[in-house]
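One structure below.
The values are calculated or read from the model by the stated rules, or taken from the named source; none is laboratory data. The structure displayed is predicted, hence computed values, not measured ones. Here the Cβ positions follow ideal geometry from the backbone for every residue, glycine too, while neighbour counts run over all protein chains shown.
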Amino acid sequence: MENKKIAIIDYGMGNLRSVQKAFESFGATCSITSDSKEILSSSGVILPGVGAFPDAMESIKKLGFDVALKKAVDKKTPILGICLGMQLLFDSSSEIRDTKGLGLIKGNIKKFEVDLKIPHMGWNNLNIIKENELLEGVKNNSYVYFVHSYYAKLNEQNLNADTVYGIKVPAVVSSSNVFGTQFHPEKSGEPGIQMLKNFWNLSVEERD
């Protein structure tokens, strides 16, 4: 299908090109866009992010991406949030100040309170709790690359994999067609690329 592609949302926060290059490495078609119409016409949507939650939500709302994302979810378009992008999928965050999120997955973003260096930065292993489409072909205990100072508190039903950094940290989450990774799959070698391939395959499948 020639019109099958993934939209990587550009709202001014995140290393978008590295995500795009990771998809292109296995032949996926994707574009970096700040056009809501393009987001809604795409087969899958990536919400990346690096930085602070309140600034990100302000940009997303200003550009109308909160509305576009909710419409995409209603259309059953697969959505993948990466790092801060994953956190934005939740109801709220206490980072800097209490801020409402997109509310696509139930839960809240909290600051790490552990006797370890913050941010949690570097390679850590995945404990797969509940398989989903994103984790197909990914081995339990695979190492992936994290950079974050906040983590999600969520319902167990939406938790697919976690890691341990002083406490158990949600690493892969999902709710219906909405997925999130706290780590950067585009920087996580073979396991990360496998997840992006899975997301691409999920995006280009024909859906009812």
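Going by what's in this entry, would Ile128 be described as closer than 15 Å to Ala171 by Cα, in contact (Cβ under 8 Å) with a residue 60 or more places away in the chain and among the β-branched types (Val, Ile, Thr)?
Details: closer than 15 Å to Ala171 by Cα: yes; in contact (Cβ under 8 Å) with a residue 60 or more places away in the chain: no; among the β-branched types (Val, Ile, Thr): yes.
Judged against the criteria, Ile128 is not a match.
Could you check segment 108-208 for strands (runs of 3 or more DSSP E) lying wholly inside it with 3 or more residues that are aliphatic (A, V, I, L, M)?
On the way: elements: 120-125, 143-148, 150-154, 159-165, 167-175, 178-181.
In segment 108-208, 159-165, 167-175 are the strands (runs of 3 or more DSSP E) which contain 3 or more residues that are aliphatic (A, V, I, L, M).
List the pairs whose first member sits in segment 152-166 and is among the aliphatic types (A, V, I, L, M), whose second member is buried (at least 18 other Cβ atoms within 10 Å of the Cβ) and outside any strand (DSSP E or B), and whose Cβ atoms are under 8 Å apart, counting only residues at least 6 apart or on separate chains?
Ala152/Met86; Ala152/Gln87; Ala152/Gln182; Ala161/Leu126; Ala161/Leu135
Among (1) surrounded by fewer than 19 Cβ atoms within 10 Å (Cβ to Cβ); (2) in contact with a helix residue (DSSP H, G or I) (Cβ under 8 Å, 6 or more places away or on another chain), there is one condition Tyr150 misses while meeting the rest; what is its number?
Of (1) surrounded by fewer than 19 Cβ atoms within 10 Å (Cβ to Cβ); (2) in contact with a helix residue (DSSP H, G or I) (Cβ under 8 Å, 6 or more places away or on another chain), only one is false for Tyr150: (1).
What are the residues in segment 38-52 that are in contact with a Cys (Cβ under 8 Å, 6 or more places away or on another chain) and farther than 15 Å from Leu80 by Cβ, if any? Walk me through it before giving the result.
Going through segment 38-52, the residues in contact with a Cys (Cβ under 8 Å, 6 or more places away or on another chain) turn out to be 46, 48-50.
Val50, the sole residue that qualifies.
Out of segment 13-30, which residues are buried (at least 16 other Cβ atoms within 10 Å of the Cβ) and either within 17 Å of the chain's Cα centre (by Cα) or in a strand (DSSP E or B) (or both)?
Met13, Gly14, Asn15, Leu16, Val19, Gln20, Ala22, Phe23, Cys30, listed by residue number.
Restricting the search to segment 39-67, which residues are in a helix (DSSP H, G or I) and surrounded by fewer than 16 Cβ atoms within 10 Å (Cβ to Cβ)?
Taking segment 39-67 first, the residues in a helix (DSSP H, G or I) are 39-41, 53-62, 65-67.
Correct list: Ser41, Pro54, Glu58, Lys61, Lys62, Val67.
Provide a single number: the residues in segment 1-17 that are under 24 Å from Gln182 (Cβ atoms) and at pLDDT below 95. Walk me through it before giving the result.
Let us first name the residues in segment 1-17 that are under 24 Å from Gln182 (Cβ atoms), namely 6-17.
In the following step, the residues that additionally are at pLDDT below 95 were identified as 11-17.
Residues in segment 1-17 being under 24 Å from Gln182 (Cβ atoms) and at pLDDT below 95: 7 in total.
Against the definition (over 23 Å from Pro54 (Cβ atoms) and either surrounded by fewer than 14 Cβ atoms within 10 Å (Cβ to Cβ) or at pLDDT below 95 (or both)), how does Asp115 come out, yes or no? Show your work before the answer.
Numbers: over 23 Å from Pro54 (Cβ atoms): yes; either surrounded by fewer than 14 Cβ atoms within 10 Å (Cβ to Cβ) or at pLDDT below 95 (or both): yes.
Against the criterion (over 23 Å from Pro54 (Cβ atoms) and either surrounded by fewer than 14 Cβ atoms within 10 Å (Cβ to Cβ) or at pLDDT below 95 (or both)), Asp115 qualifies.
Name the residue that is surrounded by the most Cβ atoms within 10 Å (Cβ to Cβ), counting only residues in segment 118-134 that are closer than 14 Å to Asn158 by Cβ and not charged (D, E, K, R).
By that ranking, first place goes to Leu134.
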